[in-house]
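Heads up, the thing below is written out as structure tokens.
The values are calculated or read from the model by the stated rules, or taken from the named source; none is laboratory data. What you see is a predicted model, and the numbers here were worked out from it, not measured in a lab. Counting neighbours? That spans all protein chains shown, and the Cβs are built from the backbone with ideal geometry, glycine included. Surface accessibility is based on the protein's heavy atoms, side chains included, excluding ligands, DNA and RNA. Shrake-Rupley method; radii C 1.70, N 1.55, O 1.52, S 1.80 Å.
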Amino acid sequence: MAAAILARKGLDVLVLERKPFERVGRPIRVAVERSVFSETGLTEPKPPVRREPAMSTEIISPDGKHKLRVRDLPIISFRMREYMTALVEAAQRAGARFMFETTVSGPAIQSGKVTGVVGSSADGRLLELFAPLTIDASGIHGVLRHGLDDGMGVERQIDPRDVCDLWQATCAVERDLIMDLLERNRIRPQVNVCRFGFMGPYSLFSIYVDLDADAVIVTAGVAREAGVRSAREMVENYVQSHHWIGDFIEGGGGMTPVRRPLDSFVADGLALVGDAACQAIPMHASGVASALLAGKILGEVAAGALSGGGQATRESLWDYNVRYMRSRGAAQANSELFRRFALTLTPDEMSRVFGAGLITGEAVKGALECMPLELPLSSVLSAGRRLMQRPGLVARLAGLSRGPLRALEAYMDYPAEADESALSSWTRKTEKTFVKWKKRVSPASEEESEDASEY
């Protein structure tokens with residue numbers, strides 16, 4: 001996205017990609033809010049890349065006793081790899097050049113400024129490339145971010161606890177078996193069935209039987225905690241243990257940051273975008289829409305900074321921070337509060353929150369659209385009558401009701417200029433909103449998780 005915008009502005013753009021062209025993007029199905037396409041000017045994907053979304057999503061509490069069905073989701077579902085191919089080709093048409101199968105090992109730095117990258121080409125030749133601006137879009141591993149020197153103004157490390165492990169597999173389904181299960185009401189086609197909290201406080205397991213494609217999509221997401229099986233193991237175990245699931249078609253996954261964005265995305269000669277900048281939405285770990293929007297902002301700001309022979313300094317790139325933080329970043333911070341609260345819940349407490357009616361269809365839709373969420377104190381007090389046996393949980397809910405607005409206000413007040421003193425003051429003030437939600441409960445035991453993941 002950023003490369004296409006910069007190339008259209010007449011700048012010389014080179015994209016270094018580790019994978020070969022045909023393997024760019026993960027072979028999974030992703031969903032983004034519909035509004036992203038109008039905001040970025042991108043064309044919506046068309047079939048067969050685009051898939052019709054589920055008729056509804058059914059959310060099930062950890063104990064299986066409470067269900068919430070949500071219809072008319074505000075999202076578009078598409079196959080990521082094919083759409084990434086289209087984005088690459090669009091950037092090439094705009095004038096950007098690509099070097100595939102190229103490995104970047106770190107940044108080139110001179111006098112506190114990023115001046116390019118070092119790495120190796122597809123044929124093993126060592127590379128050292130120089131540019132006035134280098135953009136790190138290398139995902140959660142942040143190959144350039146990790147190689148920065150002290151004092152360059154960008155966080156280098158991510159807390160391992162702020163990472164989510166995701167995996168998805170698409171497999172064929174045996175049509176006759178599926179129809180038999182359907183008749184016995186054991187399968188709901190075209191309905192995305194999601195179980196939350198099945199393995200500790202921040203976990204999800206979903207099954208979507210798509211009869212239009214004769215396929216089933218199995219997805220797992222879990223907090224990266226010691227003693228918890230990987231998302232891939234969970235998905236593969238489910239696929240192998242259900243006789244109606246046929247051959248593997250495609251799939252993939254990996255680690256995604258699930259925290260508020262880095263406090264700054266820019267340094268002299270450098271900008272970060274996507275997962276490298278921690279721009280995924282904490283509650284549901286989706287980062288595609290954020291990356292597209294951030295790429296657009298970055299492309300516009302960087303083009304302005306470099307116009308007329310200008311320099312890509314931290315100051316000239318700062319508006320990228322401001323524009324993202326006061327829009328998408330504010331919503332991310334709001335989402336992180338709810339995620340941190342979820343990490344304090346036991347599976348039983350999560351189920352009680354479901355039963356108390358505090359999780360609504362409108363809230364789910366709002367989260368998928370990256371809309372800031374609220375938990376009015378009046379709703380907590382109303383639900384409190386049904387949670388009288390859990391006064392500690394009610395107290396935490398009451399505390400949560402005051403946080404979302406504070407997070408939004410803090411991010412709307414992000415420093416307008418690249419002033420270190422102002423940024424430090426803002427960081428200290430903002431951290432006070434989040435620091436109280438540090439407690440985490442232990443993940444569910446292996447035996448509990450086996451029972452909870454059965455459908």
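Here are some notes:
- Residue check for residue 360: over 24 Å from residue 143 (Cα atoms), in contact with a helix residue (DSSP H, G or I) (Cβ under 7 Å, 6 or more places away or on another chain) and among the hydroxyl-bearing types (Ser, Thr, Tyr): no
- Check on residue 322, in a helix (DSSP H, G or I), farther than 28 Å from residue 219 by Cβ, touching a residue at least 60 places away in the same chain (Cβ under 8 Å) and among the aliphatic types (A, V, I, L, M): yes
- The residues of the range 147-157 that are farther than 13 Å from residue 113 by Cβ and touching a residue at least 24 places away in the same chain (Cβ under 8 Å), listed by number, are 147, 155.
- Qualifying residue in the range 386-407 (condition: over 20 Å from residue 202 (Cβ atoms), part of a loop (DSSP other than H, G, I, E, B), out of contact with any strand residue (DSSP E or B) (no Cβ under 8 Å at 6 or more places or on another chain) and not aromatic (Phe, Trp, Tyr)): yes
- Qualifying residue in the range 184-194 (condition: touching a helix residue (DSSP H, G or I) at 6+ places or on another chain (Cβ under 7 Å), open to solvent by 60 Å² or more (accessible area, probe 1.4 Å) and of a type outside the set (A, V, I, L, M, F, W, C)): no
- If the condition is being over 16 Å from the mean Cα position of the chain (by Cα) and either of a type outside the set (Phe, Trp, Tyr) or open to solvent by 20 Å² or more (accessible area, probe 1.4 Å) (or both), then the range 335-353 contributes 342, 343, 344, 345, 346, 347, 348, 349, 350, 351, 352, 353.
- For the criterion of being more than 20 Å from residue 70 (Cβ to Cβ), in contact (Cβ under 8 Å) with a residue 12 or more places away in the chain, among the aliphatic types (A, V, I, L, M) and open to solvent by less than 20 Å² (accessible area, probe 1.4 Å), residue 397 passes.
- The strands (runs of 3 or more DSSP E) falling completely within the range 39-138 that include 3 or more residues that are open to solvent by 40 Å² or more (accessible area, probe 1.4 Å) and over 28 Å from residue 310 (Cβ atoms) map to 67-71.
- Residues located in the range 400-416, provided they are open to solvent by less than 100 Å² (accessible area, probe 1.4 Å), out of contact with any Leu (no Cβ under 9 Å at 6 or more places or on another chain) and not hydroxyl-bearing (Ser, Thr, Tyr): 408, 410, 413, 416
- Looking only at the range 307-319, and only at residues there that are part of a helix (DSSP H, G or I) and open to solvent by 30 Å² or more (accessible area, probe 1.4 Å), the one that is nearest to residue 198 (Cα to Cα): 319
- Inside the range 250-302, residues that are of a type in the set (D, E, K, R), more than 17 Å from the chain's Cα centre (by Cα) and surrounded by 24 or more Cβ atoms within 10 Å (Cβ to Cβ) make up a count of 0.
- Residue count, the range 121-142 (criterion: of a type in the set (A, V, I, L, M) and touching a residue at least 40 places away in the same chain (Cβ under 8 Å)): 6
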